[in-house]
Amino acid sequence: MSGLPIYATTGQRVWYYTFRVICGLIFFFLIAPIAVIIPLSFNAEDFFTFTPKMLALDPDGYSLKHYRDFFTNNDWQQALWNSFRIAPMATILSVSFGTLAAIGLSQQHVPFRRVIMAVLISPMIVPLIISAAGMYFFYSRIGLQGTYWGVVLAHAALGIPFVIITVTATLVGFDRSLTRASANLGADPVTTFFRVQMPLILPGVISGGLFAFITSFDEVVVVLFVGSAGQKTLPWQMFTGLREQISPTILAVATILVALSILLLATLEILRRRSERLRGMSPG
């Protein structure tokens, strides 16, 4: 009752609790598939279902065999290594280009700002299969199809919109008088950017970088078109495992990726709160 005022009507009380039930059902609908995967990854048998021993909470029904297979199997380790080779480089390119684009588009004097912004964030809107097909035909003509840099550039193109959006949101509360004061004191634009502007927008830059990293690390459609067997990433290996050889090791990999995503999302929340404090939007 603490969320309702004492003068709330019966209709308001009904809607108050109905709204929370609806939110709970939506939350359950979103979380249930993930909640099922995690315990199944500890299955002692090579099944994708709960065994009688698991349902009875028998310790013999649980095992780390699928995790051991992931860390000892050469195919999985090569795919993991490829993901960690591609995602950081794609993130660096996304952050570099996306931050510069966001700062440039935040200037009022830039002509056709809205049109340019729409073009730059279009990879988030256009169906991924269309982007992948377009990248395939383009990269095949310039000799990047099936190469490491081809996959990196493709993932960077997918990550740039996230960086632009997060950095642009951070720049909304940026006090531009600070950059003018820096220029009046004799600082050049590069010094002003790194000494004045970057520390204040850094939470948004890091947030965009984390989104770009997650996008690259989890992406499978584009790498199927642009990459080759030498660039088989972890999601590609999971897709292959589901299509060709059904292995419960996929459940262990999925659980590891869920844990990684939770860690990154927690980091994003910490950065969001820090950004609000720096801009004076939050008291604590």
Item to complete: List the number of the failed condition for ALA90; all other conditions in (1) modelled with pLDDT of 90 or more; (2) aliphatic (A, V, I, L, M); (3) more than 18 Å from the chain's Cα centre (by Cα); (4) buried (at least 17 other Cβ atoms within 10 Å of the Cβ) hold.
Response: (3)
Discussion item. Can you tell me which of (1) within 20 Å of the chain's Cα centre (by Cα); (2) at pLDDT below 90; (3) surrounded by 14 or more Cβ atoms within 10 Å (Cβ to Cβ); (4) within 22 Å of LEU224 (Cα to Cα) is the one LEU120 doesn't meet?
Written reply: (4)
Worksheet entry | Any chance ARG20 is among the charged types (D, E, K, R), under 25 Å from VAL253 (Cβ atoms) and within 31 Å of the chain's Cα centre (by Cα) | no
Fill in: Residues being in a helix (DSSP H, G or I) and closer than 13 Å to SER228 by Cβ - total across region 129-146
3
Item to complete: State yes or no: is ALA169 farther than 18 Å from ALA101 by Cβ, out of contact with any strand residue (DSSP E or B) (no Cβ under 9 Å at 6 or more places or on another chain) and in the same structural domain as ARG274 (by TED's automatic domain parsing)?
Response: no
Discussion item. Which count do you get for residues in region 63-79 that are surrounded by 15 or more Cβ atoms within 10 Å (Cβ to Cβ) and hydrophobic (A, V, I, L, M, F, W, C)?
Written reply: 3
Worksheet item: Somewhere in region 62-80, is a residue more than 24 Å from the chain's Cα centre (by Cα) and over 26 Å from LEU234 (Cβ atoms)?
Response: no
Discussion item. Conditions first: (1) free of Cβ contacts under 8 Å to residues at least 24 places away in the same chain; (2) over 30 Å from the mean Cα position of the chain (by Cα). ASP46 passes all but one, so which condition is the exception?
Written reply: (1)
Discussion item. Every residue in region 228-272 that is basic (Lys, Arg), surrounded by 14 or more Cβ atoms within 10 Å (Cβ to Cβ) and out of contact with any Pro (no Cβ under 9 Å at 6 or more places or on another chain), please.
Written reply: LYS232
Worksheet item: So ALA32 fits all but one of (1) within 30 Å of GLN231 (Cβ to Cβ); (2) in a helix (DSSP H, G or I); (3) not assigned by TED's automatic domain parsing to the domain that holds SER228; what number is the exception?
Response: (1)
Discussion item. Can you say whether ARG20 is surrounded by 10 or more Cβ atoms within 10 Å (Cβ to Cβ), basic (Lys, Arg), closer than 26 Å to GLU219 by Cβ and at pLDDT 90 or above, as far as the supplied structure shows?
Written reply: no
Practice prompt. Sort out which residues of region 180-193 are surrounded by 12 or more Cβ atoms within 10 Å (Cβ to Cβ) and under 14 Å from GLY104 (Cα atoms), and write them in order of number.
Written response: PHE193
Discussion item. Tell me whether region 191-204 contains one or more residues that are among the charged types (D, E, K, R) and modelled with pLDDT under 80.
Written reply: no
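The values are calculated or read from the model by the stated rules, or taken from the named source; none is laboratory data. Small disclaimer: the values here were computed from a predicted structure and weren't measured. Cβ sites come from the backbone with ideal geometry, for glycine too, and all protein chains shown count toward neighbours.
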